[in-house]
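**Student:** Attaching a single structure in structure tokens format; questions to follow.
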């Protein structure tokens with residue numbers, strides 16, 4: 001199914017998300033992607049707080065966004081998250097940001113797994129987060 | 001001298017500081033006050049990083065701001081910081097935010113001293129930060 | 001009833017609302033108050049977009065917040081909005097920010113009515129926004 | 001010269017740029033890129049305010065950032081801007097974000113020229129902005 005996605009996070013656009021142009025500032029799209037990730041992690045039973053308590057952090061190594069149509073304060077946007085390539089060292093995610101039926105933006109983020117000191121790490125084969133995303137992908 | 005102040009921090013207004021109204025979003029004034037505090041702490045030889053390494057944090061207990069005239073992207077604002085009442089438990093600061101010769105806002109913050117667990121604490125009589133602000137006030 | 005309020009806005013705390021201290025940055029509380037105002041205006045049938053289309057803007061003239069207990073990423077906060085003094089030139093609002101049953105902060109904002117050029121204005125006696133808040137207060 | 005760049009913008013990292021991880025939130029890198037663009041436009045004699053007054057806007061159509069090493073509050077970062085492909089319909093920019101001698105991130109943005117209604121437009125052959133970036137590229 002072409003529109004399949006692994007999680008949808010619905011967000012209300014804050015007035016403070018906009019800039020002097022009257023539309024949402026591009027930097028804030030990345031904040032919505034983050035909310036979608038956090039919602040997705042909760043939905044798969046792996047809340048980010050649990051991961052960090054176990055010493056697993058998911059910083060971005062790269063991110064990108066292509067903007068299709070502007071978004072305005074007060075709208076509700078749906079951020080669709082799709083799990084991409086997963087490994088025990090990193091995970092790729094892609095996103096569609098929808099304003100109603102309108103595609104507002106597409107985006108991608110790559111996350112490395114690092115420990116609390118910021119050092120790259122590999123998930124163990126029985127790590128619950130790994131088992132969870134391996135199954136889903 | 002009516003215009004005396006303890007520190008002036010000059011900041012460039014970021015485009016992302018503005019909102020759909022075309023002017024700086026009111027919440028961002030508080031971010032400028034924070035920059036002024038950080039600049040002031042450096043100027044008096046008590047950088048915030050040094051304080052936190054010694055286990056002293058300065059969270060806000062209250063803050064207020066009165067807005068006089070709007071500020072636009074690209075402007076440079078001067079945040080004047082004035083040290084108010086100081087004690088070994090808290091410190092009061094007031095501010096004038098100037099856009100050129102124009103008064104844009106006046107503001108005030110009160111900060112309690114807390115430890116890394118967020119518990120209220122009193123500065124010791126020989127604490128270098130205390131000696132520094134006691135002299136200045 | 002002491003706990004009566006005119007509107008409750010429930011918000012999810014964004015990870016990007018926090019700062020290096022691990023708790024929500026104080027400036028972001030003011031962004032939540034704004035969301036509560038926007039939700040309240042919708043709830044009373046006077047969406048902010050309608051007001052601005054009629055040439056009525058509600059900039060802050062002053063705001064303040066007193067912080068009681070920290071708020072963390074991922075929490076849901078309830079912002080309770082209470083309508084205070086209203087006139088045809090300005091409106092006072094107060095707020096309680098709740099994190100569960102815990103009072104996180106109390107706050108207040110005052111708004112002047114201005115036109116699209118930022119000039120102070122008075123609401124007419126039959127202005128629907130005025131009739132609406134007059135009744136409610 | 002491999003390190004040649006068209007503009008360097010030096011910025012102080014705001015404490016409010018950081019998140020609960022203690023490092024700068026990734027979304028804020030895009031705000032720094034924007035400051036670098038605004039500084040560059042000023043440096044080449046084409047301030048963004050002049051462009052918009054002439055009805056030329058430069059919204060992002062796409063942006064990306066690859067993160068190399070974290071950045072902390074209080075640091076000063078140097079954002080190096082390099083002009084890429086330019087045409088009368090769009091402009092590509094790339095960036096290096098330096099924290100001292102350390103490469104913190106590389107980034108890219110593409111901007112379309114649009115009018116005040118958001119419609120794509122082409123710069124005229126004698127447009128001062130076009131003459132300015134054509135010469136520089």
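**Student:** Being within 19 Å of residue A:107 (Cα to Cα) and at the interface with another protein chain (Cβ under 9 Å from one of its Cβ atoms) is the filter; apply it to segment A:1-17 and report the residue that is surrounded by the fewest Cβ atoms within 10 Å (Cβ to Cβ).
**Tutor:** Pass one, segment A:1-17, residues within 19 Å of residue A:107 (Cα to Cα): A:2-13, A:17.
Restricting the remaining residues to those that are at the interface with another protein chain (Cβ under 9 Å from one of its Cβ atoms) gives A:11-12, A:17.
Details: A:11: 19, A:12: 17, A:17: 25.
Restricting to residues being within 19 Å of residue A:107 (Cα to Cα) and at the interface with another protein chain (Cβ under 9 Å from one of its Cβ atoms), the top hit is A:12.
**Student:** I would also like to ask the following. Do we find that residue C:129 is over 15 Å from the mean Cα position of the chain (by Cα) and either within 13 Å of chain B (Cβ to nearest Cβ) or in a helix (DSSP H, G or I) (or both) in this structure?
**Tutor:** Details: over 15 Å from the mean Cα position of the chain (by Cα): yes; either within 13 Å of chain B (Cβ to nearest Cβ) or in a helix (DSSP H, G or I) (or both): yes.
Yes, satisfied.
**Student:** Mind checking which residues of segment A:22-33 are surrounded by 19 or more Cβ atoms within 10 Å (Cβ to Cβ) and either part of a helix (DSSP H, G or I) or touching a residue at least 40 places away in the same chain (Cβ under 8 Å) (or both)? Spell out how you get there, then give the answer.
**Tutor:** First, the residues of segment A:22-33 that are surrounded by 19 or more Cβ atoms within 10 Å (Cβ to Cβ): A:23-33.
Across segment A:22-33, the qualifying residues are A:23, A:24, A:26, A:27, A:28, A:29, A:30, A:31, A:32, A:33.
**Student:** Related question: Out of D:19, D:92, I need the residue that is free of Cβ contacts under 8 Å to residues at least 12 places away in the same chain, in contact with a strand residue (DSSP E or B) (Cβ under 6 Å, 6 or more places away or on another chain) and farther than 19 Å from residue B:74 by Cα. Which one?
**Tutor:** Values: D:92 fails: free of Cβ contacts under 8 Å to residues at least 12 places away in the same chain.
None of the others qualify; the one that does is D:19.
**Student:** Which numbered condition trips up residue A:36, out of (1) within 13 Å of chain D (Cβ to nearest Cβ); (2) assigned to a helix (DSSP H, G or I)?
**Tutor:** For residue A:36, the exception is condition (1).
**Student:** Condition first: more than 23 Å from residue D:111 (Cβ to Cβ) and at pLDDT below 95. Now tell me which residues in segment A:62-83 satisfy that. If you could, list the steps in order and put the result at the bottom.
**Tutor:** Let us first name the residues in segment A:62-83 that are more than 23 Å from residue D:111 (Cβ to Cβ), namely A:74-76, A:78-83.
Scanning segment A:62-83 gives A:74, A:75, A:76.
**Student:** Can you tell me which of B:55, B:74 is touching a strand residue (DSSP E or B) at 6+ places or on another chain (Cβ under 8 Å) and in contact (Cβ under 8 Å) with a residue 40 or more places away in the chain?
**Tutor:** B:74
**Student:** Is it the case that some residue within segment C:119-128 is in contact with a strand residue (DSSP E or B) (Cβ under 9 Å, 6 or more places away or on another chain) and buried (at least 19 other Cβ atoms within 10 Å of the Cβ)? Give the derivation first.
**Tutor:** Quick first cut of segment C:119-128, residues in contact with a strand residue (DSSP E or B) (Cβ under 9 Å, 6 or more places away or on another chain) only: C:120-121.
When the remaining residues are screened for being buried (at least 19 other Cβ atoms within 10 Å of the Cβ), the result is none.
Checking segment C:119-128: not a single residue is in contact with a strand residue (DSSP E or B) (Cβ under 9 Å, 6 or more places away or on another chain) and buried (at least 19 other Cβ atoms within 10 Å of the Cβ).
**Student:** Right, here's the next one. If only one of C:69, C:64 is farther than 27 Å from residue B:24 by Cβ, without any contact (Cβ under 8 Å) to a residue 60 or more places away in the chain and in contact with a strand residue (DSSP E or B) (Cβ under 7 Å, 6 or more places away or on another chain), which one is it? I'd like the intermediate steps shown before the answer.
**Tutor:** Numbers: C:64 fails: farther than 27 Å from residue B:24 by Cβ.
Only one candidate passes the filter, namely C:69.
**Student:** Considering segment D:42-54 alone, what residues qualify as being closer than 15 Å to residue D:131 by Cα and within 13 Å of chain A (Cβ to nearest Cβ)?
**Tutor:** D:51
**Student:** Also, I was wondering about something else. Can you pull out every residue in segment A:55-68 that is more than 10 Å from chain D (Cβ to nearest Cβ) and touching a helix residue (DSSP H, G or I) at 6+ places or on another chain (Cβ under 8 Å)?
**Tutor:** Within segment A:55-68, A:56, A:58 qualify.
**Student:** For segment B:90-107: of the residues being in contact with a helix residue (DSSP H, G or I) (Cβ under 9 Å, 6 or more places away or on another chain) and closer than 20 Å to residue B:44 by Cβ, which is farthest from the other protein chains (Cβ to nearest Cβ)?
**Tutor:** Kept after step one, since they are in contact with a helix residue (DSSP H, G or I) (Cβ under 9 Å, 6 or more places away or on another chain), are these residues of segment B:90-107: B:91, B:93, B:95, B:97, B:104-105, B:107.
Next cut, closer than 20 Å to residue B:44 by Cβ only: B:91, B:93, B:95, B:107.
Values: B:91: 15, B:93: 13, B:95: 14, B:107: 10 Å.
Going through the qualifying residues, I end up with B:91.
**Student:** If you take the residues in segment C:15-54 that are over 30 Å from residue A:49 (Cβ atoms) and in contact with a helix residue (DSSP H, G or I) (Cβ under 7 Å, 6 or more places away or on another chain), which one is modelled with the lowest pLDDT?
**Tutor:** That would be C:48.
**Student:** Report, by residue number, each residue of segment C:69-89 that is within 13 Å of chain B (Cβ to nearest Cβ) and surrounded by 15 or more Cβ atoms within 10 Å (Cβ to Cβ). Explain how you work it out, then say what you get.
**Tutor:** Initially, segment C:69-89 is screened for residues within 13 Å of chain B (Cβ to nearest Cβ), giving C:69-72.
Listed by number, the residues that qualify are C:70, C:71, C:72.
The values are calculated or read from the model by the stated rules, or taken from the named source; none is laboratory data. Remember, predicted model here, so these are calculated numbers, not experimental data. No Cβ is skipped: glycine too gets one built from the backbone with ideal geometry, and neighbour counts run over all protein chains shown.
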